Amino acid sequence: MKETLWSGRTVEKPNEEAFAFQASIRIDKRLVQDDIRGTRVHTAMLAQQGIIPKDIAVVLDTELLRIAEELTNGELAIDERAEDVHSFVETELTRRLGDAGRMVHAGRSRNDQVALDFRLYLKRRTDELCGEIKALMSILLDKAEEYVDALMPGYTHLQRAQPITLGFHLTAWVCALERDLSRFRDAVSRMDECPLGSGALAGSGLPLDREKIAANLGFRAPSLNAMDSVADRDFAVELATDAAICQIHLSRFCEDVILWASVEFGFLCLSEKWITGSSIMPQKKNPDFAELIRGKTGRATGNLVALLTMLKGIPYAYDKDLQEDKEALFDSFDTVSVCLRMFRGMIADSSFNRERMETACIGGFSEATDAADYLVRKGLPFRKAHEVSALIVRDCIDAGQSCIGERTLEELRERSLLFEEDVFSALTPRACVSARKTLGGVASAEVRRQIAVLRERI
Ligand code: ARG
C-alpha cells in the first residue's frame, strides 16, 4: 500500500483493496501532462509573488520539464500505486528534489488542481474532436458534390416520398455535423475560465496572482467564485451532451448506410475494407462498422446519464463523487472520436449505385406531389389538386402502371382538363428535383450553394 503525501492526521491506513477503490490514477493518468503544465505555471507564479524562492522555482521548473519529457519518451512510467495523477507528480518531484518538491502545493488544493487539469485536457481534446468532425464534413461535402445530380428517392416514414439527390441527402448530414461543431466550440468558450487559485473551496490566504495564472495557461479569465470553481462540472455535462448528440447523428447516418447497403436497397456498395463476412453464411457482407457505430451510441448517452446522476445529490463544493466525472467523459470522447474516423473512412471508400438509386425513384409514385403542384400552377386550389393526383395514383395502380407518366393524356384529362402535353416532362424524377429551387431545396444549383455555405463554415 502506498502512503500518500497527505495522510495528515490519520494513523491507520486503508487496506490494499480499499486504497485502490478510492484511487483514480488508472483513469486520471492521462491528465499528467496537463497537471505538469499547471504546476509549472503555478510554481512560477509562487516565485513571482515571493511565496517561494526564485532559485528554487527554477530548479522545480527544470525538473517538472524533465519529468514531462521522461514520461513522453518512456524513461519514466506512471506509478499506478499512486492515489491520483496529482499525487504522482508531486511525489515524483519530491523524490527527486526533497523539500523543494514539497513547496509546489502552496496555495493550491487538489480540488482546484483537478478542475484545472480536466479543463486543460478537455480544451485540447475538444479541439482535436472538432478537427475530426471537420474532416468528416469535408469528405461528405466532396461526396455530395460528386453525387449532386444523382437521383434517389427521398423517404419519410421510410416510404418513398419525393425524388431527391444523394448530394442533397449527404448535405443534410453535414448540416447536423456543423451544429455539432458549433456546440463543442460553444461549450469550450463557456468553460474557458481558470479555476486554479480557488484552493479547496474558499480561495487562498497567500497572495496568489490568479490573473497571471489564467493568462499563462491560455484562459480568458480566472473563474469568479472559488467555491463554484471546485463544485462546477457543468462543462463536463455540456461536453458529454455534445458528444451524445454527435454520436446519435452518426448512429442515424449509419442506419441510412445499413439500409442502403442491403440487397433490398442496393444503393451503396461498401468497400471490402469496411465489411465483414459471416462465420457460417458464405455469401454475407455485413456492415459491421456501421452497426458498431450505431451500437456505441449507448455508451455516449449512458455516460451523459451517469454524469447527471452523479451530480444530482452533491452538496455544492468538492465531493469525492466528482472523481467519477473523468471516466465517463473520457469514454464519450474516445468513443465519438474513433467513430468519426471510422465513419469517415467507410464513406470515403464506398461507392454509390446511381442506376439503382434512379430506378428506385420509379414505382413509389413519388411524383404525385408534383402532379398536384402542376395543377396548382394551372390555377386549381391545392386541396383539389391533391385529390385529383391521389385519384390518378389509384388509376395507375388499378391499371398496373408504375408511374403517372405511363398514363395517356386522355386518361389524365378524365380527372382534370387542366392537364396538357407538358405534364409528362414535368413529372420525371429529374424534373421533380429541378423544380425544387426554393432556399434549402433539392435542385442541384441550390444544393451547390448549400455545399458552398457549409465549406465556408468549416
Ligand atoms: N482524484 C481526485 C478527483 O479526480 C482529485 C481531487 C481530490 N480531492 C480531494 N479532496 N480528495 O476528483
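The values are calculated or read from the model by the stated rules, or taken from the named source; none is laboratory data. Model, not experiment: these values are computed from the prediction. Don't worry about glycine lacking a Cβ; one is built from the backbone with ideal geometry, like all the others, and counts go over all protein chains shown. Please note that ligands, DNA and RNA were not included when accessible areas were found on the heavy atoms of the full protein model with its side chains. Shrake-Rupley method; radii C 1.70, N 1.55, O 1.52, S 1.80 Å.
Here's the yes/no breakdown for (1) outside any loop (DSSP other than H, G, I, E, B); (2) modelled with pLDDT of 95 or more; (3) open to solvent by less than 80 Å² (accessible area, probe 1.4 Å); (4) among the hydrophobic types (A, V, I, L, M, F, W, C):
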{"site": "R394", "(1), (2), (3), (4)": "yes, yes, no, no"}
{"site": "I397", "(1), (2), (3), (4)": "yes, yes, no, yes"}
{"site": "G405", "(1), (2), (3), (4)": "yes, no, yes, no"}
{"site": "V453", "(1), (2), (3), (4)": "yes, yes, yes, yes"}
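Mind counting the residues in segment 345-387 that are of a type in the set (V, I, T) and open to solvent by less than 40 Å² (accessible area, probe 1.4 Å)?
Residues in segment 345-387 being of a type in the set (V, I, T) and open to solvent by less than 40 Å² (accessible area, probe 1.4 Å): 1 in total.
Can you tell which of I280, I258, I245 is among the aliphatic types (A, V, I, L, M), outside any helix (DSSP H, G or I) and out of contact with any strand residue (DSSP E or B) (no Cβ under 7 Å at 6 or more places or on another chain)?
Numbers: I258 fails: outside any helix (DSSP H, G or I); I245 fails: outside any helix (DSSP H, G or I).
Step by step, each of I280, I258, I245 is checked, and only I280 is among the aliphatic types (A, V, I, L, M), outside any helix (DSSP H, G or I) and out of contact with any strand residue (DSSP E or B) (no Cβ under 7 Å at 6 or more places or on another chain).
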Note to self: Which residue is surrounded by the fewest Cβ atoms within 10 Å (Cβ to Cβ), if the candidates are limited to segment 77-127 and must be away from the ligand (no atom under 15 Å from the Cβ), over 14 Å from Q33 (Cα atoms) and of a type in the set (G, A, S)?
What the structure shows: G98
Check: Since I314 meets every condition but one in (1) at pLDDT 95 or above; (2) more than 16 Å from the ligand (Cβ to nearest atom); (3) among the β-branched types (V, I, T), which condition does it not meet?
Finding: (2)
Next item on the list: Among the residues of segment 18-43, write down those that are more than 11 Å from V85 (Cβ to Cβ), within 13 Å of the ligand (Cβ to nearest atom) and of a type in the set (S, T, N, Q).
Entry: Q22
Check: Just for segment 259-317: of the residues that are among the hydroxyl-bearing types (S, T, Y) and open to solvent by 60 Å² or more (accessible area, probe 1.4 Å), which one is nearest to T335 (Cα to Cα)?
Finding: T309
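Can you list the helices (runs of 4 or more DSSP H) lying wholly within segment 1-98 that have 3 or more residues being among the β-branched types (V, I, T) and modelled with pLDDT of 95 or more? Give the steps one after another, and end with the answer.
Working: elements: 16-22, 25-28, 32-48, 54-73, 85-97.
Hits in segment 1-98: 32-48, 54-73, 85-97.
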Next item on the list: Can you run down the residue pairs with Cβ atoms below 9 Å, 6 or more apart or on separate chains, where the first is in segment 308-331 and polar (S, T, N, Q) and the partner is near the ligand (Cβ under 10 Å from one of its atoms)?
Entry: Q323/Q22; Q323/S24; Q323/I27; Q323/D28; Q323/D84; Q323/V114
